[in-house]
Each structure stands twice: as C-alpha cells, then as structure tokens.
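Structure first, then comments.
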Amino acid sequence: MFSHIHLGTAHFEQAFGFYEAIADELGLVLRFKEPDRPWAGWQQPGHDRPLLIIGRPFDGQPHAPGNGQMVAFLAATQEQVRRVHAAALAQGGTCEGPPGPRPEYHAHYYGAYFRDVDGNKLAVACHAPQAEASGAAFDAS
C-alpha cells in the first residue's frame with residue numbers, strides 16, 4: 001500500500017537512535033544512513049518497500065509535528081508491542097498510552113502509543129488474537 005513514510009526531525013542523531021531501537025525490535029534492517037543530508041531509512045528484510053525514512057524536512061524549514069497524524073507499526077505479538085514501547089521510552093520518547101488491549105477498535109487490538117524525540121505521534125499494534133503466556137490481565141500502571 002505504501003512506498004515510504006517520511007518523518008521529519010530537527011535532531012537527526014537523536015532521532016536515529018530512537019528509530020534504530022524501534023527498528024531492531026520490529027526486525028527491520030537499515031537500508032541507508034546519510035548524516036550529511038541528513039536522512040536514514042529502514043525496511044523489512046528481503047523487501048525493497050515500504051521504507052520508513054527519517055530526515056530533515058525537504059523544504060529546509062524547521063520540523064513541526066502535525067495534529068492528527070500518526071504512524072502505526074505492525075507487531076506480530078503483544079510482547080513485541082511491549083518491547084517496542086519500552087524501547088521508544090528508553091530512547092527519549094514519551095508515552096501517549098501504555099501497551100494494552102483497545103477493544104473499542106476491535107476485539108483483538110493490542111497497542112501502545114508514544115511520541116518520538118521530535119513530537120511525532122507513533123503507535124505499535126498487534127491485531128492477532130493471542131493467549132498471553134502469563135495469563136495476566138492488562139495492567140495500566
């Protein structure tokens with residue numbers, strides 16, 4: 001469906017560390033990094049597209065996050081949702097909603113929400129029905 005998604009940043013090296021941690025948890029591989037431009041992109045192993053790209057806005061103006069825009073990453077498991085959310089926060093992201101079920105979206109939706117170091121709103125979501133190994137209920141604490 002998508003060729004690529006580009007997220008603007010005003011702090012390339014900090015943003016690169018943030019997205020590198022998320023990409024590692026999602027099993028994405030770095031396709032390119034050009035700090036002089038600055039921009040970088042990741043992809044799924046064995047696929048050319050879609051690409052997740054971060055970089056300075058093309059028009060050279062300062063980056064500003066949009067209102068109502070969000071990029072959501074697809075996770076295979078609920079555990080992966082939790083790991084990605086934790087990696088985002090460990091890299092300076094801010095929590096916009098902890099990992100947990102969101103039955104208002106659909107019966108099997110399990111997601112988490114956060115902002116990157118530039119304020120872009122992101123999510124990670126698992127849509128597959130899964131029995132949690134621990135059997136524990138969602139804890140929003």
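So is A123 open to solvent by less than 20 Å² (accessible area, probe 1.4 Å), in contact with a His (Cβ under 7 Å, 6 or more places away or on another chain), modelled with pLDDT of 95 or more and not charged (D, E, K, R) or not?
Values: open to solvent by less than 20 Å² (accessible area, probe 1.4 Å): yes; in contact with a His (Cβ under 7 Å, 6 or more places away or on another chain): no; modelled with pLDDT of 95 or more: yes; not charged (D, E, K, R): yes.
Criteria not met by A123.
Yes or no, residue by residue, for (1) of a type in the set (D, E, K, R); (2) within 22 Å of R83 (Cβ to Cβ):
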| residue | (1), (2) |
| --- | --- |
| H4 | no, no |
| A15 | no, yes |
| Y19 | no, yes |
| F32 | no, no |
| P35 | no, no |
| Q43 | no, yes |
| D48 | yes, no |
| F58 | no, no |
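I'm trying to understand the selection: among the residues of segment 1-60, which are touching a residue at least 60 places away in the same chain (Cβ under 8 Å) and either farther than 24 Å from L89 by Cα or open to solvent by 80 Å² or more (accessible area, probe 1.4 Å) (or both)?
Listed by number, the residues that qualify are H11, Q14, D24.
Would you mention how many residues in segment 1-25 are in contact with a strand residue (DSSP E or B) (Cβ under 6 Å, 6 or more places away or on another chain) and either of a type in the set (A, V, I, L, M, F, W, C) or under 21 Å from Q78 (Cα atoms) (or both)? Steps first, answer last, please.
Of segment 1-25, the ones in contact with a strand residue (DSSP E or B) (Cβ under 6 Å, 6 or more places away or on another chain) are 4-7, 9, 15-16, 19, 23.
Subset that is either of a type in the set (A, V, I, L, M, F, W, C) or under 21 Å from Q78 (Cα atoms) (or both): 5, 7, 15-16, 19, 23.
Of the residues in segment 1-25, 6 are in contact with a strand residue (DSSP E or B) (Cβ under 6 Å, 6 or more places away or on another chain) and either of a type in the set (A, V, I, L, M, F, W, C) or under 21 Å from Q78 (Cα atoms) (or both).
Can you tell me which residue in segment 94-115 is farthest from Q78 (Cα to Cα), limited to those that are among the aromatic types (F, W, Y) and out of contact with any strand residue (DSSP E or B) (no Cβ under 6 Å at 6 or more places or on another chain)?
The first filter runs over segment 94-115 and keeps only residues among the aromatic types (F, W, Y), leaving 105, 109-110, 113-114.
Add one more test, that the residue is out of contact with any strand residue (DSSP E or B) (no Cβ under 6 Å at 6 or more places or on another chain), and what stays is 105, 109.
Working: Y105: 15, Y109: 9 Å.
Once the filter is applied, the top-ranked residue is Y105.
If you take the residues in segment 68-82 that are outside any loop (DSSP other than H, G, I, E, B) and not aromatic (F, W, Y), which one is farthest from L26 (Cα to Cα)? Steps first, answer last, please.
The initial filter retains those residues of segment 68-82 that are outside any loop (DSSP other than H, G, I, E, B), namely 71-74, 78-82.
Still in the running and not aromatic (F, W, Y): 71-72, 74, 78-82.
Details: V71: 14, A72: 12, L74: 8, Q78: 12, E79: 11, Q80: 7, V81: 9, R82: 11 Å.
Residue satisfying both the conditions and the ranking: V71.
As an exercise: evaluate F73 against (1) open to solvent by 80 Å² or more (accessible area, probe 1.4 Å); (2) under 22 Å from F2 (Cβ atoms); (3) within 14 Å of the chain's Cα centre (by Cα); (4) not small (G, A, S) and give the number of the one condition it does not meet.
(1)
Which pairs turn up if I take residues in segment 87-113 that are within 19 Å of A15 (Cβ to Cβ) and look for partners that are part of a loop (DSSP other than H, G, I, E, B) with beta carbon separation below 6 Å, at least 6 apart in sequence or on another chain?
G92/V117; G93/D116
The values are calculated or read from the model by the stated rules, or taken from the named source; none is laboratory data. Just so it is clear, the structure is predicted and the values come from calculations on it, not from any experiment. Every residue, glycine among them, receives a Cβ derived from its backbone with ideal geometry; neighbour counts consider all protein chains shown. When the accessible area is computed, the model is the full protein with side chains, heavy atoms only, and any ligands, DNA or RNA have been set aside. Shrake-Rupley method; radii C 1.70, N 1.55, O 1.52, S 1.80 Å.
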